[in-house]
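First up is the structure itself, then whatever we jot down about it.
The values are calculated or read from the model by the stated rules, or taken from the named source; none is laboratory data. Owing to the predicted nature of the structure, the values given are computational and were not obtained by experimental measurement. Neighbour counts are summed over all protein chains in view; Cβ atoms, including those assigned to glycine, are modelled from backbone coordinates with ideal geometry.
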């Protein structure tokens with residue numbers, strides 16, 4: 001038997017759009033399942049060196065759940081590239097200001113740190129409310145594992 005390997009054109013033509021509601025989902029479990037769909041690992045013809053994943057839309061991103069004291073202990077850092085320009089926020093502060101960045105950063109940590117991973121991250125769309133502008137793509141609802149906190 002020969003191993004099936006997708007070409008870029010075959011992978012691009014078979015892409016679908018999925019919508020995920022983050023309400024009540026645990027952040028890490030949600031991010032890992034989204035990363036698998038972005039990479040294409042849910043498909044039988046997964047090829048590790050080709051971007052064969054699908055588009056993912058995350059709605060209600062401010063309603064996810066975290067365990068323990070993570071809201072106050074986890075910090076998000078950024079640097080202005082000037083001396084002394086390191087800034088940090090707790091997850092609670094980040095959730096108030098930019099909740100979509102929390103999910104984006106969690107998923108970003110779970111894809112490869114290569115040019116292929118950057119291409120896969122371009123297929124992720126995260127929105128704070130229940131509405132999104134991708135109705136024309138007819139996204140399907142992505143069924144994730146059940147959460148204890150719903």
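At a glance:
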item: Residue in region 126-135 that is farther than 15 Å from residue 38 by Cβ, under 13 Å from the mean Cα position of the chain (by Cα) and either modelled with pLDDT of 95 or more or part of a loop (DSSP other than H, G, I, E, B) (or both) present; result: yes
item: Residue check for residue 62: over 12 Å from the mean Cα position of the chain (by Cα) and in contact (Cβ under 8 Å) with a residue 24 or more places away in the chain; result: yes
item: Odd one out for residue 142, checked against (1) surrounded by 12 or more Cβ atoms within 10 Å (Cβ to Cβ); (2) within 12 Å of residue 27 (Cβ to Cβ); (3) modelled with pLDDT under 95; result: (2)
item: Qualifying positions in region 47-104 - more than 19 Å from residue 25 (Cα to Cα), touching a helix residue (DSSP H, G or I) at 6+ places or on another chain (Cβ under 9 Å) and at pLDDT 95 or above; result: 54, 55, 73, 75, 76, 89, 90
item: Pairs, first at positive phi and part of a helix (DSSP H, G or I) in region 91-114, second buried (at least 19 other Cβ atoms within 10 Å of the Cβ) and modelled with pLDDT of 95 or more, C-beta under 6 Å, six or more apart; result: none
item: All positions within region 99-110 that are surrounded by 16 or more Cβ atoms within 10 Å (Cβ to Cβ) and within 9 Å of the chain's Cα centre (by Cα); result: 103, 104, 106, 107, 108, 110
